[in-house]
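This report refers to the structure that appears directly beneath it.
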Amino acid sequence: MSAETFSLIFVIALLLSTLLKYWLSSRQIRHVARHRDQVPQQFGDRISLASHQRAADYTLTRHRFGLLALALEVLILVVLTLLGGLQSLYGWTQDWLGASHPLWAGVAFVLAVFTITSVLELPLDWYRQFVIEARYGFNRMSLRTWLIDGLKGAALGLALGVPLLAVLLGLMQSAGTWWWLWAWLVWVGFGILMMLVFPTWIAPLFNRFEPLPPGSTRSRVEALLARCGFASRGLFVMDGSKRSSHGNAYFTGIGHKKRIVFFDTLLSRLDDDEVEAVLAHELGHFKHRHVLKRLVLGFAISFAGFAVLGLLMQQPWFFQGLGMTPAPGQAQAPALVLFMLALPAFLFPLQPLGSFFSRRDEFEADRFAARESAAGSLVKALVKLYDDNASTLTPDPLYSAFYDSHPPAMIRIQKLQEAHALSHS
């Protein structure tokens with residue numbers, strides 16, 4: 001393949017994926033706006049028209065801003081690749097370190113690329129947090145906290161990312177034809193290590209975690225865990241209200257490091273029956289091994305990714321078609337950066353496949369929760385969360401099929417209500 005041919009293929013893939021994203025977002029905007037003034041019949045006695053309209057307006061605002069963010073994202077990608085931005089950065093790092101320290105020149109190049117893209121995205125992140133989230137009453141984060149979070153994230157990224165990047169580039173440089181297999185094994189090991197240390201070492205850098213206090217909620221939760229045969233390292237409450245009024249609950253860690261974490265905003269809104277039902281849903285994911293399956297699938301996808309990168313790194317057209325000409329023997333870092341930047345344009349059409357399997361898992365976890373707690377309580381909890389989080393009840397079906405990892409509200413509630421009716425028949 002020639003470099004010109006690959007450039008054309010990349011431009012077509014990028015154009016098609018961008019147009020598809022714009023079309024889907026436009027469908028979502030029109031669909032939500034069209035249903036803004038009428039609460040779906042299923043929710044008529046649970047959610048007010050004012051709350052429904054607020055959720056619609058929140059959705060519309062985020063999607064209209066998302067179109068602007070998408071345009072900037074595509075512009076940055078084109079400037080970096082086809083217009084030579086990466087080649088200029090690469091030349092600078094080669095002049096600085098390439099002759100004496102080629103490995104660290106590659107590390108510097110990767111860091112420079114992602115530092116620049118992160119800085120360019122900062123105004124968008126600020127606007128989302130302090131304008132959109134604040135407008136709809138969700139933001140509770142101060143500018144100081146936002147800046148400190150950013151600095152902590154950057155420091156953590158450097159502390160963890162630089163050694164990992166150096167090892168990967170070193171393997172790409174010196175491990176021979178099968179470097180990608182060794183690099184994949186390092187990647188898997190790093191991923192497992194992060195899952196082990198995240199609950200106790202990383203998460204507390206950003207939030208405060210306190211044991212769930214004794215009381216009726218803890219008693220109900222412990223009884224559910226015992227009934228389901230689930231062992232965890234502890235039950236914790238996270239100060240989510242420090243940053244946002246959105247509520248959530250999640251599991252973190254693997255093996256004996258598993259923790260159950262409730263946002264304080266969630267506990268303040270739900271009663272004991274509803275908390276139990278939400279936790280039962282999360283337990284359903286573990287009981288059906290969804291977490292393990294997703295972990296294995298993620299490692300399998302990364303295996304394929306490293307294998308493809310191993311092939312592409314040997315092809316001059318891959319580099320030249322994306323605006324780069326690496327120095328002899330110094331193609332490792334450019335190959336890694338180009339692969340990560342270009343791949344999403346080719347994979348976006350496959351996104352509905354991942355969403356489909358994710359929604360299937362959610363239905364399965366809902367059925368588990370209906371058996372182990374009460375379908376009616378989960379319905380009440382979900383309705384409260386939809387209302388509190390301003391989640392639209394009327395997404396466009398096609399947009400939802402592409403993007404939504406959870407089933408649309410109306411379909412999900414309908415299936416739970418059917419399960420509730422069966423349990424009382």
Requested in this report: Determine which single condition MET340 fails, assuming it passes every other condition in (1) within 30 Å of MET313 (Cβ to Cβ); (2) in contact with a Pro (Cβ under 9 Å, 6 or more places away or on another chain); (3) hydrophobic (A, V, I, L, M, F, W, C).
Outcome: (2)
Query raised in the report: Which one is nearest to the chain's Cα centre (by Cα), of the residues in region 30-56 that are farther than 18 Å from PRO397 by Cα, of a type in the set (D, E, K, R) and surrounded by 12 or more Cβ atoms within 10 Å (Cβ to Cβ)?
Result: ARG54
Query - Checklist (1) surrounded by 18 or more Cβ atoms within 10 Å (Cβ to Cβ); (2) within 12 Å of THR394 (Cα to Cα); (3) not polar (S, T, N, Q) applied to LEU14, failing item - result: (2)
Query - Selection count, region 410-421, where residues are under 24 Å from the mean Cα position of the chain (by Cα) and free of Cβ contacts under 8 Å to residues at least 60 places away in the same chain - result: 2
**Report entry** Extreme residue, nearest to LEU72 (Cα to Cα), among residues of region 95-131 that are in contact with a helix residue (DSSP H, G or I) (Cβ under 6 Å, 6 or more places away or on another chain) and small (Gly, Ala, Ser)
**Finding:** ALA112
**Report entry** Filtered residue count, region 216-234, keeping only those that are in contact with a helix residue (DSSP H, G or I) (Cβ under 9 Å, 6 or more places away or on another chain), more than 12 Å from LEU283 (Cβ to Cβ) and either modelled with pLDDT of 85 or more or among the polar types (S, T, N, Q) (or both)
**Finding:** 5
Query raised in the report: Restricted to region 105-127, and to residues that are surrounded by 17 or more Cβ atoms within 10 Å (Cβ to Cβ) and in contact (Cβ under 8 Å) with a residue 40 or more places away in the chain, which residue is nearest to GLY85 (Cα to Cα)?
Result: VAL113
Query raised in the report: Of the residues that make up region 389-403, is at least one closer than 21 Å to HIS288 by Cα, out of contact with any Lys or Arg (no Cβ under 6 Å at 6 or more places or on another chain), of a type outside the set (S, T, N, Q) and not in a helix (DSSP H, G or I)?
Result: no
Requested in this report: Select from region 253-266 the residues that are on the phi < 0 side of the Ramachandran plot and surrounded by fewer than 18 Cβ atoms within 10 Å (Cβ to Cβ) and list them in ascending order.
Outcome: ILE254, HIS256, LYS257, ASP264
Report task. Test each condition in (1) modelled with pLDDT of 95 or more; (2) at positive phi for GLY329 and report the one that comes out false. Result -> (1)
Query raised in the report: On the given criteria, is SER377 surrounded by fewer than 17 Cβ atoms within 10 Å (Cβ to Cβ), under 23 Å from THR265 (Cα atoms), touching a residue at least 40 places away in the same chain (Cβ under 8 Å) and not charged (D, E, K, R)?
Result: no
Requested in this report: Scan region 158-173 residue by residue and report those that are small (Gly, Ala, Ser) and touching a Leu at 6+ places or on another chain (Cβ under 9 Å).
Outcome: GLY161, ALA166, GLY170
Query raised in the report: Out of region 223-254, which residues are aromatic (Phe, Trp, Tyr) and over 19 Å from the mean Cα position of the chain (by Cα)?
Result: PHE230, PHE236
Report task. Would you be able to say whether some residue in region 47-60 is under 30 Å from ILE116 (Cβ atoms), part of a helix (DSSP H, G or I) and not small (Gly, Ala, Ser)? Result -> no
Requested in this report: Under 8 Å between Cβ atoms, at least 6 apart or on separate chains: pull out the pairs that start in region 166-191 with a residue that is within 20 Å of LEU111 (Cα to Cα) and end on any residue that is hydroxyl-bearing (Ser, Thr, Tyr) and part of a helix (DSSP H, G or I).
Outcome: TRP187/SER302
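This table checks each residue for (1) closer than 30 Å to LEU165 by Cβ; (2) in contact with a strand residue (DSSP E or B) (Cβ under 6 Å, 6 or more places away or on another chain); (3) in contact (Cβ under 8 Å) with a residue 60 or more places away in the chain.
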| position | (1), (2), (3) |
| --- | --- |
| GLY44 | no, no, no |
| LEU60 | no, no, no |
| TRP96 | yes, no, no |
| PHE138 | no, yes, yes |
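Yes/no matrix, rows are residues, columns are (1) over 24 Å from ILE202 (Cα atoms); (2) touching a Leu at 6+ places or on another chain (Cβ under 9 Å); (3) not aliphatic (A, V, I, L, M):
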position: GLU276; (1), (2), (3): yes, yes, yes
position: GLU282; (1), (2), (3): no, no, yes
position: VAL291; (1), (2), (3): no, no, no
position: ALA307; (1), (2), (3): yes, yes, no
position: LEU312; (1), (2), (3): yes, yes, no
position: MET324; (1), (2), (3): yes, yes, no
position: ALA327; (1), (2), (3): yes, no, no
Requested in this report: Tell me the helices (runs of 4 or more DSSP H) entirely within region 287-385 that contain at least 3 residues that are more than 25 Å from THR117 (Cα to Cα), under 27 Å from the mean Cα position of the chain (by Cα) and hydrophobic (A, V, I, L, M, F, W, C).
Outcome: 290-312, 351-372
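The values are calculated or read from the model by the stated rules, or taken from the named source; none is laboratory data. Keep in mind it's a predicted model, so treat the numbers as computed, not measured. Methodologically, a virtual Cβ is constructed for each residue, glycine included, from the backbone with ideal geometry; neighbour enumeration extends over all protein chains shown.
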